[in-house]
Amino acid sequence: MGNEQRGGFASSFGFLMAAVGSAVGLGNLWGFPYKMGANGGFAFLVVYLVLAVLVGFVIMLGEFVIGRKTGKSVLCAYPKLGKKYGFLGVFGVLVPVLILSFYCVLGGYCIKYALANLGDVFHAKWGYLASGMDTGTFFGAFTGDMGAATVFSLIFVVLTGLIILGGVSDGIEKFSKVAMPALFVLLVIVIIRSVTLPGAGAGLEFMFKPNWEPFAGLGWLHVLKTAAGQMFFSLSLGMGIMVTFGSYLPKSENLIKQSIVVPAADTIVAIMAGLAVMPAVFAAGLEPGAGPGLLYVTLQTVFESMGAAGPIFGFMLYFLVFIAAITSSVSLLEVLTSSFIDKSEEKGKAPNRKLATIITTLVVAAGATLVSCDGLGANGVWVPFQKCFEQIPVWCDCWLDFFDCISEGILMPVSCLIMSLLIGWKWGPKFLQDEIEQEGNVFKAKGFILFCFKFAAPVILLFVLFGQLVDFGILNVAI
């Protein structure tokens, strides 16, 4: 009964698509292009790739090992390795709750923008053009409308919950095996249109022509800090996802191979997202480092400038961002659902996936409603500690940033830092070797992996934590 309720992946390809889907999300299609744009393009890309090898690969491997070794989701996996590590399991479920609370809101925005562009395709009154607003005004009007923003956010939450209700193999795996190839095809189509726009060559040059100017003076610190934070969030590290997915893997699965393939696929999609966005932005003569507004304001301006074809490509881009977002939200909600199921089994209760999904979905819906009503801080909704500061720091300027600061800013880097130190200095190579070498698999690059766990990953994760605290305004340091 417990195994049926908990489930597992039916195939290696299904696991791969689900794991890649969890990593590929708004961090790739939204965060990567604008952070690359704000940090010199090529210089950012090089640093990102180096960090993915030194940190992304080994942390993902560690989480896979912990999940498969214990056979439990993140909440129960760490206590099984030692009761004193239980707090890491708590971090692992708190992070998805906080992230989903704002992630589902951004996913709801994608639904709204996809429909607005689709409306323009059919000249419908609910289209973007029918509103008569410019892109900035349209975005502000939507986020300022508490009712509309909340409805679209809750639609995204419900869709996520419905996929989780199907279980691991019939829900997550089947959805991911269709969604991820579809995302890739749509992304290729948008890239072809983007790179063929007049003036798009400047965007390609920006991305791939060697440019070390951003490293001048202390600029390299800013590029390193930003790339490290992007890599960390983009690969879904410290969210409990890879521990939970690892618990579903059979002993025959090659953990090192999966730990290489997932970050590699994630990085390829991130670069493709840059190819879809940057050439179009340069072709339209817009600012490549426009910040988070790049997705909802700048790109909508690009589509508006394409004439009759604009709404078609606008719909395609926002729909593929929606696919990327929901594959990630499904993985995050599965962390909560599987933890609920595992905890019920530990208490001797019959696990019930349907009940677990309903409860966790309602929790996320409550958080998403709060973030939606806040409207990215524009609607005057009370945020903790906000009134304590004359100049409000980023970490409490709105509910999205407040939740993001606790999860991405603090809990994720701290939990991964502690895990890397435990593996590197306490549990030792045998902890990894016993699990990696199951059923004849070989522990390749052992020396490199152990070096990364002991030295490279902890140092870089400390820098990630420092960078996050600076970005969120907790530390007042200029970088």
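The values are calculated or read from the model by the stated rules, or taken from the named source; none is laboratory data. From a predicted model like this one, the values you see are computed outputs, not experimental measurements. Glycine gets a Cβ as well: all are built from the backbone with ideal geometry, and neighbour counts include every protein chain shown. Heads up: the accessible areas ignore ligands, DNA and RNA and are worked out on the full protein's heavy atoms, side chains in. Shrake-Rupley method; radii C 1.70, N 1.55, O 1.52, S 1.80 Å.
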Open item on the list: For the pairs LYS112/LYS354; LYS72/LYS251; LYS84/LYS257; LYS69/LYS349; LYS251/LYS430; LYS174/LYS354, flag any whose C-alpha to C-alpha distance is greater than 21 Å.
Closed with: LYS112/LYS354; LYS84/LYS257; LYS69/LYS349
Task: Among 107-114, 13-20, the order from most to least packed when residues are scored by Cβ within 10 Å on average - done: 107-114, 13-20
Task: Carbon/sulfur fraction of accessible area - the chain, other protein chains in place, 1.4 Å, % - done: 68 percent
Open item on the list: Can you compute the radius of gyration and Dmax for segment 273-383, using only the Cα atoms, both in Å?
Closed with: 20.0, 62
Open item on the list: If I take the Cα coordinates of segment 207-361 and project them onto the principal axes, what are the three extents in Å, biggest first?
Closed with: 62, 43, 28
Open item on the list: For segment 342-393, compute Rg over Rh where Rg is the Cα radius of gyration and Rh is the Kirkwood radius from the inverse mean 1/r over Cα pairs.
Closed with: 1.27
Task: Signed unit charges on C-beta, dipole axis of the chain, positive-most listed residue PHE472, VAL223, THR327 - done: THR327
Open item on the list: Can you return the aspartates and glutamates within cross-link range of LYS446? Criterion is Cα-Cα under 14 Å, with same-chain partners fewer than 8 residues away left out.
Closed with: ASP434, GLU435, GLU437
TODO: Leaving out ligands and nucleic acids, note down the accessible area per residue over segment 361-422 with a 1.4 angstrom probe, in whole Å².
DONE: 42 Å²
- [ ] Output the direction-averaged projected area (hull surface divided by four) of the convex hull of the alpha-carbon atoms of segment 339-479, in nm².
- [x] 13.3 nm²
- [ ] Could you do me a favour and compute the accessible area per residue for segment 235-344, 1.4 Å probe, result in Å²?
- [x] 24 Å²
Task: Computed Kirkwood radius, in angstrom, where 1/r is averaged over Cα pairs of the chain - done: 22.6 Å
Task: Selection from ILE268, LEU94, GLY41 lying farthest towards where the dipole of the chain points positive, charges on Cβ - done: LEU94
Task: Two-decimal ratio, segment 105-148, of alpha-carbon radius of gyration to 2.2 N^0.38 Å - done: 1.09
- [ ] Round to the nearest 10 and give me the degree value, 0 to 90, for the angle of helix 86-121's Cα axis relative to the longest principal axis of the chain.
- [x] 30 degrees
Task: Part-to-part distance (alpha-carbon centres) for segment 440-478 and segment 332-391, which is given in Å - done: 28 Å
Task: Accessible surface, per residue, of segment 56-109 when the full set of protein chains is kept, probe 1.4 Å, Å² - done: 23 Å²
Task: Solution diffusion estimate, µm²/s, Stokes-Einstein, segment 393-457, Kirkwood Rh from C-alpha pairs, 37 °C, viscosity 0.692 mPa s - done: 236 µm²/s
Task: Residue (of GLY62, SER420, PHE431) at the positive-pole extreme of the chain, dipole from beta-carbon charges - done: PHE431
Task: Pairwise centroid distance, computed over Cα atoms, of segment 74-142 with segment 233-261, Å - done: 23 Å
Task: segment 223-382, dipole about Cα centre (Lys/Arg Cβ +1, Asp/Glu Cβ -1), debye to the nearest 20 - done: 440 debye
TODO: Could you tell me what fraction of 2.2 N^0.38 Å the Cα radius of gyration of segment 199-278 comes to, as a two-decimal ratio?
DONE: 1.45
Task: Ratio of Rg to Rh over segment 1-135 (Cα coordinates, Kirkwood Rh, two decimals) - done: 1.09
TODO: With a bin width of 5 angstrom, please list the P(r) values of segment 84-182 as percents of all Cα-Cα pairs, from the 0 bin to the one holding the largest distance.
DONE: 3, 11, 14, 17, 17, 14, 11, 7, 3, 2, 1, 0, 0
Open item on the list: So for each of 87-97, 56-66, 435-445, 390-400 I average, over its residues, the number of other beta carbons within 10 Å; can you give me the resulting order with the highest mean first?
Closed with: 56-66, 87-97, 390-400, 435-445
Task: Using alpha-carbon coordinates, inclination of helix 174-195 to the longest axis of the chain, degrees - done: 40 degrees
TODO: Arrange the peptides 346-358, 401-413 so that the one whose residues have, on average, the most other Cβ atoms within 10 Å appears first.
DONE: 401-413, 346-358
